[in-house]
Each structure stands twice: as C-alpha cells, then as structure tokens.
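Colleague: Structure below; questions to follow.
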Amino acid sequence: MDLSASLFPGWALWLGCVLAAALLALAALRVRWRALDPAALNAWMGACVLDLALWLLRGGLQPGLSFHLLGAALLTLMMGPWLALLALAVAQLALAAAGHADWAALGLNWLLTPLPAVAVTAGMLELARRRLPAHFFIYVFVNGFLAGGASLLTAALCGVLALGAAGAYPWDGLLGEALPYYFLLSWSEAFTTGLLLAVLTVYKPRWVSTFDDGRYLGGKPGPS
C-alpha cells in the first residue's frame with residue numbers, strides 16, 4: 001500500500017515523518033554494525049534491491065490503494081527486525097527518488113506498512129520460540145508462511161483504517177472491496193516468504209540470522 005500525501009492533512013504527514021525518523025534512528029542505534037557478518041551485510045544490500053523490485057510490481061485502481069508484495073517478513077527473518085526496518089525504509093526512499101511515491105507521505109507509509117509488518121513477524125517468531133517445538137517445519141511454516149501472510153494483512157489493515165479515519169474513502173468500500181483483495185494477496189506473500197525462507201535455510205543459512213542449526217536441525221550444520 002502506497003499512501004498518497006493528498007489523502008491526509010498536513011499535520012498527519014509531518015507527525016508521521018517525525019515519528020518515522022525517530023524510530024529509524026533507534027533502529028540504526030540498535031544494530032551492532034561492527035559485529036555484522038560481511039556475507040550477511042552483502043545479503044542485506046541485495047535484499048534491499050530485490051524488495052524494491054517487489055514494491056515496483058504493483059497494481060491499483062485508486063490513489064493509496066495499491067497491491068504489491070512487501071517482503072517484510074522475509075527481511076525480518078533474514079536480518080532481524082532492526083535491519084529489516086532500515087532496509088524497507090531504503091526501498092521506500094528509492095521509490096520516492098524514482099517518482100513512484102510521495103516524499104511527504106514517506107513517514108506515514110513507513111509507519112503504516114513496514115513497521116506493523118515487521119512487528120507482527122518478530123512477535124510471531126518470539127511466540128513460536130517460546131510456545132512451539134524447535135522444528136525446521138515449524139520454523140518455515142509458522143515463521144515463514146503464516147507470518148508472511150499475517151504481516152501483509154496487518155499492514156493492509158493499518159492502511160485501510162488510516163484511509164478511513166482520514167475520510168479519504170467510504171468505510172464500506174474500504175472494508176468490503178479493498179480489504180478482501182489484500183486478504184487474497186496475503187496468500188501470495190505467505191507462499192513467497194515460506195518458499196524463499198526454506199531455500200535460504202537449506203542453501204544459505206548464514207544469510208538467515210534468526211535460523212539456528214543447533215536449535216532446528218539438532219546440531220547438523222547446513223551448507224554456508
């Protein structure tokens with residue numbers, strides 16, 4: 001979902017930019033930059049480019065109601081929530097620089113799309129670690145497939161609620177017409193996230209910071 005600045009009052013746009021900047025600064029401070037694996041850092045930069053491609057492959061009929069995959073869940077599982085938030089911010093900045101997004105609405109877009117998606121993924125990962133057995137299938141299915149779909153649907157719901165609260169579109173149209181499309185799209189997000197996560201954990205486990213061989217494979221290391 002790419003919200004348009006024309007749909008929101010000026011104070012909401014400014015507040016969104018201030019809050020987003022503050023949270024991004026916090027995220028940058030929480031990252032242990034010197035301890036990052038060079039291979040993981042290269043994967044982070046590549047993931048930024050691929051995520052930008054996902055955001056460009058979109059469709060939509062009205063301003064603020066676009067449909068595209070997020071990639072937020074996969075980024076969160078690969079690099080942790082803080083780096084994922086920064087990567088998604090980089091993707092949105094690139095979209096704005098290319099003329100595909102409103103600069104004034106970047107703060108709101110980040111707060112209402114990447115932030116809730118990453119939060120849901122990180123929350124489900126922590127819940128699965130505490131409540132579910134440490135099994136490879138559970139990691140891929142719950143943290144990849146289910147969290148991927150839930151992350152997109154949560155972000156879409158946040159955007160729909162914001163558009164409705166701002167009076168941009170009627171509530172019946174948003175909830176009865178737009179939201180069902182996002183529900184269908186969430187299955188694509190779930191399948192894509194689960195599939196890519198399974199491939200990465202098998203062939204490039206070093207790129208997935210939340211995956212632990214000892215925990216999920218009983219100490220059997222995968223190929224690096």
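Colleague: Which of the residues belonging to region 89-106 are under 16 Å from Leu13 (Cβ atoms), of a type in the set (Gly, Ala, Ser), at pLDDT 90 or above and out of contact with any Phe, Trp or Tyr (no Cβ under 8 Å at 6 or more places or on another chain)?
Modeller: If the condition is that a residue be under 16 Å from Leu13 (Cβ atoms), of a type in the set (Gly, Ala, Ser), at pLDDT 90 or above and out of contact with any Phe, Trp or Tyr (no Cβ under 8 Å at 6 or more places or on another chain), then Ala104 is the only one that fits.
Colleague: For residues that are open to solvent by 40 Å² or more (accessible area, probe 1.4 Å) and assigned to a helix (DSSP H, G or I), scanning just region 96-117, find the one that is nearest to Ala198 (Cα to Cα).
Modeller: Top of the filtered list is Leu115.
Colleague: Next up: Go through region 169-183 and count every residue that is open to solvent by 80 Å² or more (accessible area, probe 1.4 Å) and over 20 Å from Leu7 (Cα atoms).
Modeller: Qualifying residue count for the region: 2.
Colleague: With the structure loaded, tell me whether Leu93 is open to solvent by 30 Å² or more (accessible area, probe 1.4 Å), within 21 Å of Trp187 (Cβ to Cβ) and either of a type in the set (Phe, Trp, Tyr) or out of contact with any Ser or Thr (no Cβ under 8 Å at 6 or more places or on another chain) (or both) or whether it fails that test.
Modeller: no
Colleague: Would you call Arg215 among the charged types (D, E, K, R), in contact with a helix residue (DSSP H, G or I) (Cβ under 6 Å, 6 or more places away or on another chain) and open to solvent by 40 Å² or more (accessible area, probe 1.4 Å)?
Modeller: No, not satisfied.
Colleague: Could you check Ser188 against (1) out of contact with any helix residue (DSSP H, G or I) (no Cβ under 6 Å at 6 or more places or on another chain); (2) free of Cβ contacts under 8 Å to residues at least 40 places away in the same chain and say which number it fails?
Modeller: (2) is the only condition that Ser188 fails.
Colleague: Do you know which residues across region 172-224 are at pLDDT 85 or above and hydroxyl-bearing (Ser, Thr, Tyr)?
Modeller: Tyr181, Tyr182, Ser186, Ser188, Thr192, Thr193, Thr201, Tyr203, Ser209, Thr210
Colleague: Residue under question is Ala47, and the condition is that it be at pLDDT below 85, within 27 Å of Leu200 (Cα to Cα) and touching a Gly at 6+ places or on another chain (Cβ under 8 Å); does it hold?
Modeller: yes
Colleague: Taking Trp44, is it more than 11 Å from the chain's Cα centre (by Cα) and among the aromatic types (Phe, Trp, Tyr)?
Modeller: yes
The values are calculated or read from the model by the stated rules, or taken from the named source; none is laboratory data. The structure presented is a predicted model; accordingly, all values stated were derived computationally and were not measured. No Cβ is skipped: glycine too gets one built from the backbone with ideal geometry, and neighbour counts run over all protein chains shown. Ligands, DNA and RNA are stripped out before the accessible areas are found, and what is left, the full protein with its side chains, is counted by its heavy atoms. Shrake-Rupley method; radii C 1.70, N 1.55, O 1.52, S 1.80 Å.
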